[in-house]
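The next block holds one structure in the form of structure tokens; read it before the comments.
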Amino acid sequence: MKHQSAERGAWGSKLGFVLAAAGSAIGLGNIWGFPTQTGLNGGAGFVLVYLVCVLLIGVPVMIAELTIGRRSKSDPVGAFKKLAPESAWKYLGGLGVLTGLVILSYYSVIAGWTLKYILMTVQGVFDTANTESVTQIFSGFTSDGYQTTVFHLLFMCITVWVVTGGIEGGIERVTKILMPVLLGLLLLLVIRSVTLPGAGAGIEFYLKPDFSKITFEVVLAALGQAFFSLSLGMGAMITYGSYLSEKEDLVSSAFYVSLSDLTIAFLAGFAIFPALFAVEGLSPDQGPGLIFIVLPNIFESIPFGQAFGVAFYILLAIAALTSSISLLEVVVAYFIDQRGWHRRKAAITVGIMAFLLGVPSALGEGAVPSLSGFLANADFLFGKLSLIIGGLLICIFLGWKWGIQKALAEIRSSNDSFSLAPVWTILIRFICPLAIAVILVDRLLSLFRA
Ligand code: PHE
């Protein structure tokens, strides 16, 4: 056992934990997903609904995951085994581990695209581009299976390298440097974007809600986006919480992490929409092509655009890395805790598995700008459905099976005043599971609608 806990590791400080967990949350979901969804769902109305989803559902579920993690000091499978021995709940942990592996497999493919975009922007490939030629460049690259696979491999190797370094020496050390860099780069881009002539229309689109555009669909999209973006529903926060010391306050940790995630998503929208509206003839509802097709166009047409372009894609790669690390860590923690593997062996083996699993995603995505191949299906099943199912079951587990009193005792061991306890209890037992169940039913029905 002793050997195992040395192999598990722990966070060096609360700041280190908050940055690493924020690093997990902040990723492609914020900088790519959030603006894409905002653009597709009518702008400011979506932003507003998203905010409500994060506060009412995201934060309570994050507190729940961190509590389960710290109480059990275990990977997701071990966590449910310890808190509910001899029950089927361990399969929920198993679903989380599997989900982590699959999301990592395609997440790394998209992250690989960002590496390629850094290179292309440095080389000035987009210098004289227009919408048509950027679309061609993007389609050309994403349908070149050899290149997408090579960049996918490269990104996976970097991820494995960080996770091999362990909790404090690897993940914490790297995220502590990368997160401030990310914030700095993003602020630079926001300033550039909002000071462009004609930026006002974009700011209006982003901040002035048109309430008639808030439909049920918009609410569903926002909730799904919140789960993915906050890294909830698959045990990433259970795993990160399991390395947290007894004295750190779980509630404020969850708040800090969620607030950082919200802030970065919000800033990403500010970096994109004002610039987008400043360039004539572009519309915000581009879907996934927003970042890889529209943005190069924008960078090409603004002063010092190339430098901002390079900065942006570096930013995107950093954000993706701190998230892919956490996806890998969930699966690695499982092999360390449940199978007694050494960290290094676990990280390399899982990295190879995720790489191989990602190859069909790397090869299958030619039909842009809307994703439709293997990657899109994997994202639907694991990035959306599985996270929502996981989130729902985590609420039910904590609120009705393991028990709210035990959870409160764990939270109060490091925060005896937890004054929001009654609110949290109602949210986790009733509001969150109900809201999530509604979205889940819709997702399932959408399978038949399609
Ligand atoms: N939250 C990450 C993002 O926004 C993705 C992620 C999902 C990471 C689930 C870990 C677990 O990109």
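Among Val332, Val279, Val134, the order by Cβ neighbours within 10 angstrom, fewest to most, reads Val279, Val134, Val332. Listed by chain and number, the lysines placed with their C-alpha closer than 28 angstrom to that of Lys90 are Lys2, Lys73, Lys81, Lys82, Lys247, Lys345, Lys384, Lys401, Lys406; residues fewer than eight positions away on the same chain are left out.
With contacts taken as Cα pairs under 8 Å and at least 6 residues apart, segment 1-91 reaches a relative contact order of 10 percent. Positive-end ranking of Gly390, His342, Ala437 along the dipole of segment 2-449, with charges on Cβ about the Cα centre, is headed by His342. Here the dipole of segment 2-449 is about 1420 debye; that uses its Cα centre as origin and unit charges on the Cβ of Lys and Arg (positive) and Asp and Glu (negative). Based on DSSP H segments of at least four residues, each scored -39500 (n - 2.57), the chain has a per-residue ellipticity at 222 nm of -22500 deg cm²/dmol.
Amide H to amide H, with H built 1.01 Å from N, Gly166 comes under 5 Å of Ile171, counting only residues 5 or more places away or on other chains. Of the residues Ser108, Ser301, Ser229, which exhibits the maximal mean-square fluctuation in a Gaussian network model of the chain defined by a 10 Å Cα contact cut-off? Among Ser108, Ser301, Ser229, the largest mean-square fluctuation in the Gaussian network model of the chain belongs to Ser301. Each of Ile26, Ile103 has some number of other Cβ atoms within 10 Å of its Cβ, and from fewest to most they run Ile103, Ile26.
Entry note, segment 2-449: relative contact order of 35 percent, from Cα contacts under 8 Å with a spacing of 6+ residues. Cα centroids of segment 182-222 and segment 1-72: 21 Å apart. Between segment 390-450 and segment 230-265, the C-alpha centres lie 15 angstrom from each other.
Relative to the longest principal axis of the Cα atoms of the chain, helix 216-229 runs at roughly 70 degrees. Farthest toward the positive end of the dipole of segment 2-449, out of Pro209, Thr36, Ala10, is the Cα of Ala10, where the dipole comes from beta carbon charges about the Cα centre. Rounded to the nearest Hz, the phi-derived 3J(HN,Hα) couplings of segment 146-154 under the Karplus curve 6.51 cos²θ - 1.76 cosθ + 1.60 (θ = phi - 60°) are 5, 5, 4, 5, 4, 5, 4, 4, 4, where x marks glycine and proline. Approximating the spin labels as points 7 Å out from Cα along Cα→Cβ, the Phe380-to-Ala437 distance works out to 2.5 nm. Within the listed set Ile404, Ile238, Ile264, the residue fluctuating most in the Gaussian network model of the chain (springs between alpha-carbon atoms under 10 angstrom) is Ile404. Taking the three principal axes of the alpha carbon atoms in segment 2-449, the coordinate ranges are 62, 48, 44 Å, sorted in descending order.
Our coupling estimate for segment 163-180, obtained by passing each phi through the Karplus curve with A = 6.51, B = -1.76, C = 1.60 and θ = phi - 60°, is 5, 4, x, x, 6, 6, x, x, 4, 5, 5, 5, 5, 4, 7, 6, 5, x Hz, Gly and Pro reported as x. Largest mean-square fluctuation among Leu185, Leu315, Leu115, in a Gaussian network model of the chain whose springs join Cα atoms under 10 Å apart, belongs to Leu185. In order along segment 205-213, the Karplus-derived 3J(HN,Hα) couplings, from 6.51 cos²θ - 1.76 cosθ + 1.60 at θ = phi - 60°, round to 4, 7, 10, 9, x, 9, 5, 5, 8 Hz, and Gly and Pro are given as x.
None of the figures in this text is laboratory data; all of them are computed from the coordinates on show. Computed from a predicted structure; not experimentally measured. Backbone-built Cβ (ideal geometry, glycine too); neighbour counts: all protein chains shown.
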